[in-house]
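The values are calculated or read from the model by the stated rules, or taken from the named source; none is laboratory data. Computed from a predicted structure; not experimentally measured. In this analysis, Cβ positions are derived from the backbone assuming ideal geometry, glycine residues included, and neighbour counts consider all displayed protein chains. Only protein heavy atoms, including side chains, enter the accessible area calculation; ligands, DNA and RNA are left aside. Shrake-Rupley method; radii C 1.70, N 1.55, O 1.52, S 1.80 Å.
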Amino acid sequence: MRLLVSLAFLVGTSSLSYAKVPYNELDALRRKTIVVRSAMDNPNQPWVKKCVSADKRTMAGSRLALATDNAAADWKKNTATKGDLLEITEKIKMCEARGSCSVYEVYLGAVQIPADLTEMAVGLRSELEKKLEAMTSSSYQNALAEIKQPCVLLKSLTKGPR
């Protein structure tokens, strides 16, 4: 009987995936966002001029949007826990300097939020909106300083089918 109950529980909960925040995925998307935003907002920078043409920058922007949509689709399969939201709260405090606010906004908009955590998630989204409104092209430019080989990353967004 215990085995049957355990099996029923596993089958009933197997479609839910309780999130452990996918920081590697978030960081990869953050890096792409910083590089593309810096290139699009400041196309006259020497590294951008040497790296890709204007049409390639546009392509990189489209590919970034596609990567963001694909990540959001994956994250919709997950359900955030209170621990996840607490971790994200700490990350949001630094998101302007790191250029990651938009990535956290996408994550929080995609991941499923249990009813008992809705109020907390709404507060986080509100905080992110305020930070995103305050961000400028120089915010991304400052965050670019920590990205190694931005040209390589930008070019990777323009190569091959995605």
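Out of the residues in the stretch 142-156 meeting the condition of being open to solvent by less than 70 Å² (accessible area, probe 1.4 Å) and either in a helix (DSSP H, G or I) or in contact with a His (Cβ under 8 Å, 6 or more places away or on another chain) (or both), tell me which one is farthest from GLY99 (Cα to Cα). Break it down stepwise before answering.
Step one: filter the stretch 142-156 for residues open to solvent by less than 70 Å² (accessible area, probe 1.4 Å), giving 143-144, 147, 150-151, 153-154, 156.
In the following step, the residues that additionally are either in a helix (DSSP H, G or I) or in contact with a His (Cβ under 8 Å, 6 or more places away or on another chain) (or both) were identified as 143-144, 150-151, 153-154, 156.
On the way: ALA143: 6, LEU144: 8, PRO150: 14, CYS151: 17, LEU153: 16, LEU154: 16, SER156: 20 Å.
Looking at residues that are open to solvent by less than 70 Å² (accessible area, probe 1.4 Å) and either in a helix (DSSP H, G or I) or in contact with a His (Cβ under 8 Å, 6 or more places away or on another chain) (or both), I get SER156.
Restricting to the stretch 117-135, count the residues that are touching a residue at least 24 places away in the same chain (Cβ under 8 Å) and either touching a Pro at 6+ places or on another chain (Cβ under 8 Å) or not small (Gly, Ala, Ser) (or both). Residues that pass the stated criteria total 9. Among the residues of the stretch 113-141, those that are surrounded by fewer than 16 Cβ atoms within 10 Å (Cβ to Cβ) and polar (S, T, N, Q) comprise THR118, SER126, THR136, SER137, SER138.
Against the condition outside any strand (DSSP E or B), modelled with pLDDT under 95 and closer than 18 Å to ILE34 by Cβ, how does LYS159 come out, does it pass?
Details: outside any strand (DSSP E or B): yes; modelled with pLDDT under 95: yes; closer than 18 Å to ILE34 by Cβ: no.
Spelling it out, it is not the case that LYS159 is outside any strand (DSSP E or B), modelled with pLDDT under 95 and closer than 18 Å to ILE34 by Cβ.
Checked against the criterion of being open to solvent by 90 Å² or more (accessible area, probe 1.4 Å), modelled with pLDDT under 90 and more than 14 Å from the chain's Cα centre (by Cα), the stretch 35-53 has no qualifying residue. Among the residues of the stretch 113-141, those that are hydroxyl-bearing (Ser, Thr, Tyr) and either within 23 Å of ARG31 (Cβ to Cβ) or in a loop (DSSP other than H, G, I, E, B) (or both) comprise THR136, SER137, SER138, SER139, TYR140.
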